[in-house]
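Report on the structure given below.
The values are calculated or read from the model by the stated rules, or taken from the named source; none is laboratory data. Keep in mind the model is a prediction, meaning the values are calculated, not measured. As a convention, Cβ positions derive from the backbone with ideal geometry for all residues, glycine included, and neighbour counts pool all protein chains shown. Surface areas here come from the heavy atoms of the whole protein model, side chains and all, with no ligands, DNA or RNA. Shrake-Rupley method; radii C 1.70, N 1.55, O 1.52, S 1.80 Å.
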Amino acid sequence: MSIFSKIKQTINLMKDVDLDALGKLSQKVDLSEIMKTVGELDDRQLAGLMKMLKHKGGKKGQHKLPPIDGDFYDLSLKLSPEQRELQIKVRNFMEEEIRPIANKYWNKAEFPFEIIPKMAELDICGISYEGIGKYEQPFLMEGIIAMELARVDVSISTFFGVHSGLAMGSIYLCGSEEQKQEWLPKMQRMELIGAFGLTEPEVGSGVAGGLGTTCRLEGDEWVLNGQKKWIGNATFADVVIIWARDEASDQVKGFLVRKGNPGFKAEKMEDKMALRTVQNALITMTDCRVPESDRLQKCDSFKDTAKVLKMTRAAVAWQAVGCARGAYESALKYTKKREQFGKPIASFQLIQNHLVEMVANLTAMQTMCFRLSELQDEKLLTDEHASLAKVFCSMRTRDVVSRAREVMGGNGILLEHDVARFVADAEAIYSYEGTKEINSLIVGRAITGYSAFV
Ligand SMILES: Cc1cc2nc3c(=O)[nH]c(=O)nc-3n(C[C@H](O)[C@H](O)[C@H](O)COP(=O)(O)OP(=O)(O)OC[C@H]3O[C@@H](n4cnc5c(N)ncnc54)[C@H](O)[C@@H]3O)c2cc1C
């Protein structure tokens, strides 16, 4: 065969190859040089090359599939190299350290304390607080971190959100300079872990006006009495922020209750069907004495507590994105591998319909949260901005995880495929940091001008 006919034959063959890939290849290598080399191949070498091109580098008959990636609109391209590096660092930590143990701890309802030092190395606590964070758009990065943590394990994301967001955030927004100096650096390094105690057995949504836990000043000590329910990390935390109503002024005050206080008891809540790795506690305070120096000095009323919740609510919306993304990616992977009727189930129209609805919801959620965080970084965030994202994302996540579970058939309810855990954990996201109803009322009031709160 002449060199000319060999080249012609190769060019003909190239009609079968992935033109997109070829285009990208031509940007990286000198194709004319390659053609010259091809022309010099002997028949045996050329036959080998032709065979390889026919199969596009894969095994014979194997269909090359697109990668599994829940970032359909490439939002990661909007990140700077430093921001992207942080995202990848967190993702790698979650894939390497957490994914292999997530189901085991979730099933046992235990917390993997051994991960705390490794997590501390990521240096991600309190990154949106002045003097700590070093990233541009720190609230966006906080959201992306929440999403990356939840993408593998919502429990770990919740543990982190309670510590770095709610507990550190209370000290950051409501503490004096001395209190900040005492607690924030050690909490930032995760040498000390925090919890946030607001909800009570008898009052959840109505905490703004209905706290039953009381505080009373006696000399230079406060005496706290009452119960708190659902308090994440509280069984082992070094400090629990307790919100209580002042018997004298009827206003809400915040306290730093240190580990080992004899008037403070935290009992682990058992038998949860969601976020089982998170150690939620029922706290009982009986004449729990706290020095005035451990009262959050810049908290005068519930309005200050609400500032903390407003700051952290955006990250909860991002958690919902992570939960949905983890479920979608696991389900998509499964449908490509699982075969029925001799074909991958991903090739069935009805399965693709589920997958498309999932990726559409996920993309809407991601895009919404991205803009939400931009508003927060531009200091334009309002309560209703955060509430709308929390409502929308927690609702859509429920839909995504249920479709993820559906396309996996029976395996969808087995922990080993991860999706079952996301289905359960989506229920907790739906209720905490303001239920769907409460956040809807906040948005409703903003858009209509009428408060429908009872
Ligand atoms: C896993 C998990 C972790 C948590 N972690 C913490 C934590 O670390 N710290 C903490 O302080 N709290 C925590 N919480 C508590 C959480 O914030 C509350 O569960 C939440 O605020 C809802 O309160 P509730 O459960 O008492 O429900 P309720 O307030 O009793 O609400 C019950 C239902 O009534 C609806 N409802 C209530 N009021 C209205 C109204 N005015 N109009 C219409 N509908 C209404 C609610 O939307 C809901 O559907 C956690 C909760 C969970 C599930």
Descending packing, highest mean Cβ count within 10 Å first, for 203-216, 353-366, 141-154, 261-274 is 141-154, 353-366, 203-216, 261-274
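Counting Lys and Arg as +1 and Asp and Glu as -1, what is the net charge of the other residues whose Cβ lies under 15 Å from the Cβ of Asn353? Please list the in-between numbers first.
On the way: positive: Arg403; negative: Glu357, Asp399, Glu406.
Around Asn353, the charge tally is -2.
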Summed side-chain charge close to Phe160 - residues other than Phe160 whose Cβ falls under 12 Å, Lys, Arg +1, Asp, Glu -1: -3
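Filter the cross-link list Lys180/Lys298; Lys104/Lys272; Lys180/Lys228 down to pairs whose alpha-carbon distance in this structure exceeds 18 Å. Intermediate results must be reported in sequence, preceding the final value.
Numbers: Lys180/Lys298 11 Å; Lys104/Lys272 15 Å; Lys180/Lys228 24 Å.
Over 18 Å apart, Cα to Cα: Lys180/Lys228.
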How much length is gained if the chain between Ser431 and Glu416 is pulled fully straight, taking 0.36 nm per residue apart and subtracting their Cα-Cα distance, in nm to one decimal? 2.9 nm
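Mind checking the full-extension length gain between Lys265 and Arg189? Use 0.36 nm per residue of separation minus the Cα-Cα distance, one decimal, nm. All intermediate terms of the calculation are to be shown ahead of the outcome.
Values: separation 76, 0.36 × 76 = 27.36 nm, distance 2.60 nm.
Length gained between Lys265 and Arg189: 24.8 nm.
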So how much accessible area does Ser451 have, in Å² to the nearest 10, using a 1.4 Å probe? 70
Number of Lys-Lys pairs in region 306-448 under 30 Å by Cα, sequence gap 8 or more or different chains? 11
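Assuming R0 = 56 Å, what is the FRET efficiency of Tyr450 and Asp42, from their Cβ-Cβ distance, to the nearest 0.05?
Values: r = 83 Å, r/R0 = 1.49.
For R0 = 56 Å, the calculated efficiency reads 0.10.
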Just to confirm my understanding: which cysteines in the chain have no other cysteine beta carbon less than 4.7 Å from their beta carbon? Cys125, Cys215, Cys288, Cys323, Cys369, Cys393
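Which FRET efficiency value, to the nearest 0.05, do you get for Ile68 and Thr214 by plugging their Cβ-Cβ distance into 1/(1 + (r/R0)^6) with R0 = 56 Å? Don't skip to the end; give the middle numbers.
Values: r = 52 Å, r/R0 = 0.93.
Efficiency at R0 = 56 Å is approximately 0.60.
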Give the distance, in whole Å, between the Cα centre of region 167-200 and the Cα centre of region 424-443. 25
Cleavage-rule hits (GluC sites (Glu not before Pro)) in region 201-230: DSSP loop, at most 15 neighbouring Cβ within 10 angstrom: Glu202
Taking only Cα atoms, what is the 0 to 90° angle, nearest 10, from helix 3-14's long axis to the longest principal axis of the chain? 40
Whole-Å distance linking the alpha carbon centroid of region 93-141 with that of region 303-378 is 20
In the full protein assembly as shown, how much of Arg371 is accessible to a 1.4 Å probe, in Å² to the nearest 10? 110
Residue-span extension gain [Phe113 to Thr382] - 0.36 nm each, minus C-alpha spacing: 93.3 nm
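Using the crude model of +1 on Lys and Arg Cβ and -1 on Asp and Glu Cβ, and no other charge, please compute the dipole size for the chain relative to its Cα centre, in debye to 20. Please report the intermediate quantities before stating the final value.
Numbers: 60 positive and 62 negative charges, 422 e Å.
Here the chain has a charge dipole of around 2020 debye.
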Nearest-ten-degree value, helix 19-28 long axis tilted from longest Cα axis of the chain: 80
Over the chain, what lengths in whole Å, largest first, do the semi-axes of the equivalent ellipsoid take, defined as the square roots of 5 times the eigenvalues of the alpha-carbon gyration tensor? 52, 22, 20
Just flag the chymotrypsin sites (Phe, Trp or Tyr not before Pro) in region 337-400 sitting in loop per DSSP whose Cβ has no more than 14 other Cβ atoms within 10 Å. Phe341
Within region 120-145: backbone nitrogen closer than 11 Å to the Lys104 label point (7 Å, Cα to C-beta): none
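Please give the net charge around Arg189, taking every other residue with its beta carbon less than 14 angstrom from that of Arg189, where Lys and Arg add +1 and Asp and Glu add -1.
Numbers: positive: Lys118, Lys186; negative: Glu121, Asp123, Glu182, Glu191, Asp238.
Summing Lys/Arg as +1 and Asp/Glu as -1 gives -3.
For region 306-448, which semi-axes, largest first and in whole Å, follow from the square roots of 5 times the eigenvalues of its Cα gyration tensor?
On the way: eigenvalues 211, 39, 28 Å².
After scaling each eigenvalue by five and taking roots: 32, 14, 12 Å.
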